[in-house]
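Got a structure here, written out as structure tokens. Questions coming.
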Amino acid sequence: MPSALVFFSEFSEAPSKAQRELLTLASGFENPAVAVASEVSAAAQEVLASYGVVKLYTASSQAQVFGQHELSVLDAALQATGAGLVLLANDNFSRELGARLAVRHNGAIITDVIGITGDLVATKDELAGSYSVQAKPTNGTLFATLKPNSIEDAPAAANIPLAVEELALEDSSDAKVRIAAAEAKAASDRPALTEARVVVAGGRGVNGDFGPVEDLADALGAAVGASRAATDAGWISHDAQIGQTGVTVAPQLYISAGISGAIQQKAGMQTSKFIIAINKDVDAPVFEIADLGIVGDLAKVLPQAAEEIRRRKA
Amino acid sequence: MSEESTTPLKIVVLVKHVPDVQFDRHIDSGTLRLDRAESVLSELDEYAVEAAVSIVEANGGFAAGHEVIAATMGGKGAGNSVKKALQMGASSGLHLSDEALAGSDTVATSKALAALVDYVGNVDLVVTGMSSTDAETSVVPAQLAERLGFAQLTHALAVEFDAAQRELAIKRDHLDRTLTLTASLPAVLSVTDQANEPRYPNFKAIMAAKKKTVTELDLAAIGLDAAAVGAIGSNTEVIGAEARPAREAGTVINDSGQAGIALVDFLAEQKLI
């Protein structure tokens with residue numbers, strides 16, 4: 001069984017669901033180690049230990065450069081561990097780190113992975129989830145980026161002592177790409193779209209008002225998504241866009257409101273476990289893939305559903 | 001005007017010929033490779049062509065000696081994607097076509113494309129889309145930056161070029177922030193569908209494109225060994241592919257005033273609340 005190394009840019013004592021899934025997957029391999037490109041608190045180290053992580057490699061940097069520090073941390077941890085499997089998050093930044101190191105060390109990279117066997121056969125989605133493909137590395141370390149909502153989160157039964165090594169790295173401040181400015185994005189109390197168990201998404205049919213979509217999402221503890229038509233109209237932030245050029249989601253439950261379900265949208269959500277669609281147009285393509293379709297006005301259906309959920313929970 | 005601002009830019013735009021996403025797409029059960037009939041220019045690459053042509057137009061135009069070379073690798077049909085890029089304003093085309101390229105993974109693809117950029121020589125900027133619409137890995141631009149030793153400016157939401165400094169600035173989302181990143185040329189730039197509005201070629205542009213040169217190349221021409229690419233030069237192997245069973249339509253109801261309740265009943269039945 002190969003040894004595994006997991007990479008995180010940041011790791012706090014309250015890890016995201018996607019981070020916990022990566023740790024769970026790594027715990028099935030030899031000597032699971034973790035590399036983090038910023039400071040890891042004592043409480044966060046305890047969380048790592050609870051997933052059976054035996055070694056933590058860490059280094060932080062104040063240099064206002066982009067990507068170089070993270071690349072150095074992962075590269076150094078890879079050299080130190082000689083890991084046969086490097087596990088990364090599925091976001092663009094993480095997959096680019098894996099991609100560069102796969103080139104640098106003549107290894108393999110497989111993205112959008114939903115599972116990996118002990119002999120490194122990875123299962124992934126292809127063609128927007130319409131195919132399931134098995135692929136394996138034929139040379140070098142396998143860099144795999146894991147899609148959120150793929151693995152059942154399960155901490156190890158017993159804590160193993162965690163050894164911590166501070167990496168000594170060269171200064172990365174002469175890197176090619178500099179951070180000239182940074183602007184914080186509006187914070188949200190809702191779960192992250194890519195890893196939410198439930199997603200409520202609105203499209204053209206919300207007609208400028210995301211209120212009913214947000215209200216139902218909050219009743220369900222869900223994330224809010226949108227079609228490209230809605231983000232292009234400026235009704236909601238581009239970050240909420242689900243589909244081919246936005247994020248891909250695979251929640252337990254996807255509620256689509258006022259979205260026709262054109263192919264670009266379908267590409268971002270068709271591997272959801274259950275799909276419920278509300279649309280005024282009986283011919284909307286989304287009804288072809290919905291487990292429950294409601295032909296009706298979302299401005300009436302969503303508030304009624306939200307109220308009923310709150311009533312039953314009370 | 002400073003000397004730098006008059007130095008012509010040599011830009012390579014990488015375009016990919018992909019199966020049209022409007023149709024059903026298939027993976028061949030024998031070869032485990034994508035069926036490439038009914039292919040078109042990857043929609044996301046139109047943003048790359050637009051970004052490259054816009055930089056030229058904002059800095060003296062093609063009359064100032066700038067070049068935008070639309071380059072692709074792939075079978076015979078891939079030449080059509082180069083033609084589309086020429087109609088959108090690219091100045092010339094390159095088509096790397098060789099049997100040995102079939103089955104290349106991202107590591108092998110980036111090797112071939114880096115060799116193509118080296119073949120062109122003295123390239124200042126490589127521009128790509130944010131992702132292909134077929135494999136959707138989004139990793140080849142980063143791999144090219146690694147191989148070429150160029151600055152990596154990827155997933156740009158917005159692009160600005162400072163001709164005097166020969167420096168690019170982009171906006172990119174990262175974690176909970178939107179960053180402004182800057183780098184000097186040479187660079188690999190990938191642009192998202194937020195970066196611009198790709199132009200629609202008019203009749204004049206379509207006619208003008210017919211006069212532009214497309215150079216066909218094989219691996220030997222760019223000095224790359226056939227064993228470096230294709231399935232042999234790849235570090236991954238696809239060993240199985242199954243079509244997921246198509247989703248079936250479930251119950252469709254008309255709202256007669258109680259559909260919100262029916263929705264919650266469904267959630268309760270499926271133990272989703």
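No lab work stands behind these numbers, since they all come straight from the coordinates. Everything quoted here is computed from the prediction, not taken from an experiment. FYI the Cβ positions are ideal-geometry reconstructions off the backbone, even for glycines, and counts take in every protein chain you see.
If the only charges are +1 at each Lys and Arg Cβ and -1 at each Asp and Glu Cβ, what is the size of the charge dipole of the protein assembly as shown around the Cα centre, to the nearest 20 debye?
Result for the protein assembly as shown is approximately 660 debye, rounded to the nearest 20.
Starting from the Cα-Cα distance between B:D24 and B:E99, subtract it from 0.36 nm times their residue separation and give me the gain in nm to one decimal.
Extra length from B:D24 to B:E99 when fully extended: 24.5 nm.
Quick one: Cα centre-to-centre distance for region A:38-106 and region A:116-153, in angstrom?
19
Right, another one. Under a plain spin-label model, where a point goes 7 Å from the Cα along Cα-to-Cβ, how far apart in nm are A:E307 and A:Q79?
For the pair A:E307/A:Q79, the computed spacing is 6.5 nm.
Evaluate peptide A:296-304: per residue, the Cβ atoms of other protein chains within 10 Å of its Cβ; return the mean as an integer.
4
Just from its helices, what would the mean residue ellipticity at 222 nm be for chain B, if runs of 4 or more DSSP H residues each count -39500 (n - 2.57) and the sum is divided by every residue, rounded to the nearest 500 deg cm²/dmol?
Mean residue ellipticity at 222 nm (helix-derived): -7500 deg cm²/dmol.
Something else about it: First select every other residue whose beta carbon is under 15 angstrom from the beta carbon of A:G118; then total the charges, Lys and Arg +1, Asp and Glu -1.
Neighbourhood net charge equals -1.
Let me ask you something else. Calculate how steeply helix A:211-220 sits against the longest principal axis of the alpha-carbon atoms of chain A, using the helix alpha-carbon long axis, and give the answer as 0 to 90 degrees to the nearest 10.
For A:211-220 against chain A, the angle is about 60 degrees.
Which residue fluctuates the most in chain A, going by a Gaussian network model with Cα springs under 10 Å, if the choices are A:V133, A:V34, A:V73?
Maximum fluctuation in the GNM of chain A, among the listed residues, is at A:V133.
Suppose a student asked you for the relative contact order of region A:193-313, using Cα pairs under 8 Å spaced at least 6 residues apart; what percent would you report?
Dividing the mean separation by the residue count of region A:193-313 yields 25 percent.
So how do B:32-41, A:288-297, B:84-93 stack up, highest first, on mean other-Cβ count within 10 Å?
Packing proxy ranking, top to bottom: B:84-93, A:288-297, B:32-41.
How many nm is it between the label spots at B:A220 and A:V164, if each spot is 7 Å from the Cα in line with the beta carbon?
With each label point 7 Å from Cα toward Cβ, the separation is 6.1 nm.
Considering Cα pairs under 8 angstrom that are at least six residues apart, work out the relative contact order of region B:1-134 and quote it in whole percent.
37
Still on this structure, I have one more. Quick one: helix A:92-104 against the long Cα principal axis of chain A, what's the angle to the nearest 10°, folded into 0 to 90?
So the inclination is approximately 40 degrees.
On to the next question. Compute a Gaussian network model of chain A, connecting alpha carbons closer than 10 Å, and tell me which residue from A:S188, A:S237, A:S260 fluctuates the most.
A:S188
GNM on chain B, C-alpha springs below 10 Å: top fluctuator among B:V82, B:V21, B:V252?
Judging by the Gaussian network model, the answer is B:V252.
Right, here's the next one. Within region A:8-39, which GluC sites (Glu not before Pro) sit in a loop by DSSP and count at most 13 neighbouring Cβ atoms inside 10 Å?
When the GluC sites (Glu not before Pro) of region A:8-39 are filtered for loop state and at most 13 Cβ neighbours within 10 Å, A:E13, A:E39 remain.
Can you tally the net charge around A:A230? Count Lys and Arg as +1, Asp and Glu as -1, for every other residue whose Cβ sits under 13 Å from the Cβ of A:A230.
Net charge around A:A230: -2.
Dividing the convex hull volume of the alpha carbon atoms of chain A by its residue count, what do you get in Å³ per residue?
In chain A, the Cα hull volume divided by residue count equals 148 Å³.
Could you work out the relative contact order of chain B, using alpha carbon pairs under 8 angstrom and six or more residues apart, expressed as a whole percent?
After rounding, I find 23 percent.
How far is helix B:106-120 tilted, in degrees, relative to the longest principal axis of the Cα atoms in chain B, given as a value from 0 to 90 rounded to the nearest 10?
Once rounded, the angle reads 20 degrees.
Other chains' Cβ within 10 Å of B:236-246 residues: what's the mean?
The mean count of partner-chain Cβ atoms within 10 Å per residue comes to 6.
If the cut-off is a Cα-Cα distance under 20 Å, which aspartates and glutamates reach B:K204, setting aside same-chain residues fewer than 8 apart in sequence?
Straight-line reach from B:K204, under 20 Å: B:E46, B:E50, B:E57, B:E67.
Could you sort out which of A:K147/A:K313; A:K273/A:K313; B:K76/B:K211; A:K124/B:K111; B:K16/B:K212 sit more than 25 Å apart by Cα distance in this structure?
A:K147/A:K313
Further question on the same structure: Express in whole angstrom the spacing between the alpha-carbon centres of region A:230-291 and region B:188-264.
Going from one Cα centre to the other spans 19 Å.
Between region A:293-314 and region B:146-161, how far is it from one alpha carbon centroid to the other, in angstrom?
Using only Cα atoms, the two centres lie 46 Å from each other.
Rounded to a whole number, what is D in µm²/s for the protein assembly as shown from Stokes-Einstein with the Kirkwood radius over alpha-carbon pairs (10 °C, 1.306 mPa s)?
Reported coefficient: 63 µm²/s.
Now, a different point. Pick out, in residue order, every one of the GluC sites (Glu not before Pro) in region B:175-261 that is DSSP loop and has at most 10 other C-beta atoms within 10 Å; say none if there are none.
B:E248
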